1. Restricting to region 88-115, give me the number of residues that are open to solvent by less than 70 Å² (accessible area, probe 1.4 Å), among the aromatic types (Phe, Trp, Tyr) and more than 11 Å from the chain's Cα centre (by Cα).
2. Out of region 1-13, which residues are away from the ligand (no atom under 11 Å from the Cβ) and modelled with pLDDT of 95 or more?
3. What are the residues in region 26-48 that are open to solvent by 60 Å² or more (accessible area, probe 1.4 Å) and either closer than 30 Å to Gln109 by Cα or modelled with pLDDT under 95 (or both), if any?
4. Could you tell me whether Glu24 is of a type outside the set (A, V, I, L, M, F, W, C), assigned to a loop (DSSP other than H, G, I, E, B), more than 14 Å from the ligand (Cβ to nearest atom) and free of Cβ contacts under 8 Å to residues at least 24 places away in the same chain?
5. Condition first: without any contact (Cβ under 8 Å) to a residue 24 or more places away in the chain and under 22 Å from Ala70 (Cβ atoms). Now tell me which residues in region 94-110 satisfy that.
6. Between a residue in region 1-20 that is touching a residue at least 40 places away in the same chain (Cβ under 8 Å) and any residue that is away from the ligand (no atom under 13 Å from the Cβ) and open to solvent by 50 Å² or more (accessible area, probe 1.4 Å), which pairs come within a Cβ distance under 9 Å, given they are 6 or more apart or on different chains?
7. Exactly one condition in (1) touching a helix residue (DSSP H, G or I) at 6+ places or on another chain (Cβ under 9 Å); (2) part of a helix (DSSP H, G or I) is false for Arg9; which is it?
8. State the number of residues belonging to region 88-115 that are at pLDDT 95 or above, within 14 Å of the ligand (Cβ to nearest atom) and not acidic (Asp, Glu).
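The values are calculated or read from the model by the stated rules, or taken from the named source; none is laboratory data. As the structure is a computational prediction, the values presented were derived from the model and not from experiment. Because the Cβ atoms are built from the backbone with ideal geometry, glycine has one as well, and the counts that use them run over all protein chains shown. Areas reflect the complete protein model, heavy atoms only, side chains present, ligands, DNA and RNA absent. Shrake-Rupley method; radii C 1.70, N 1.55, O 1.52, S 1.80 Å.
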Amino acid sequence: MSELTLFDRVIAGEIPVDKVYEDEHILAFRDINPQAPVHVLVIPKQKVRRFAELSEQDPLMVGRLFQGAAHVAHELGLTESGYRIVVNNGEHGQQTVEYIHLHILGGRQLNWPPG
Ligand code: 5GP
């Protein structure tokens, strides 16, 4: 049996978050340790542990997650200035929560390459 993660508890309403968007399929909330003026996490309500597992998922679910993130970024006023979507996967990707999440980072000029 897989362990419950922090974001399972967020979905269950057990951990309060600063929610910016929610619909039937996704939840978006502000990161507790923001790395940019806008730093929002987008998670699917249907649990997936890692980006690497997306290949086994319903493409509709994957599409809803990515389209949802684009919608949230737009609602946050980032469309014109631009932003970055980050998905950390596994140990080398420094994924710390084993529940897939898209980071939306924006509100300042971001640098490349990332660390
Ligand atoms: P990862 O490193 O797995 O890609 O991203 C996990 C993110 O979750 C981190 O950016 C971290 O700051 C954020 N985070 C960790 N604990 C909490 C929390 O309790 N609330 C919120 N809103 N974000 C959290």
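1. Total satisfying the criteria: 0.
2. Listed by number, the residues that qualify are Leu4, Asp8, Ile11, Ala12, Gly13.
3. Arg30, Ile32, Asn33, Pro34, Gln35, Pro37
4. Taking the combined requirement at face value, the residue satisfies it.
5. Listed by number, the list holds a single entry, Gln109.
6. Close Cβ pairs (under 9 Å, with a partner that is away from the ligand (no atom under 13 Å from the Cβ) and open to solvent by 50 Å² or more (accessible area, probe 1.4 Å)) amount to Ser2/Lys47; Thr5/Lys47; Phe7/Lys47; Asp8/Lys47; Val20/Glu75.
7. Here Arg9 meets the rest and fails (1).
8. 16
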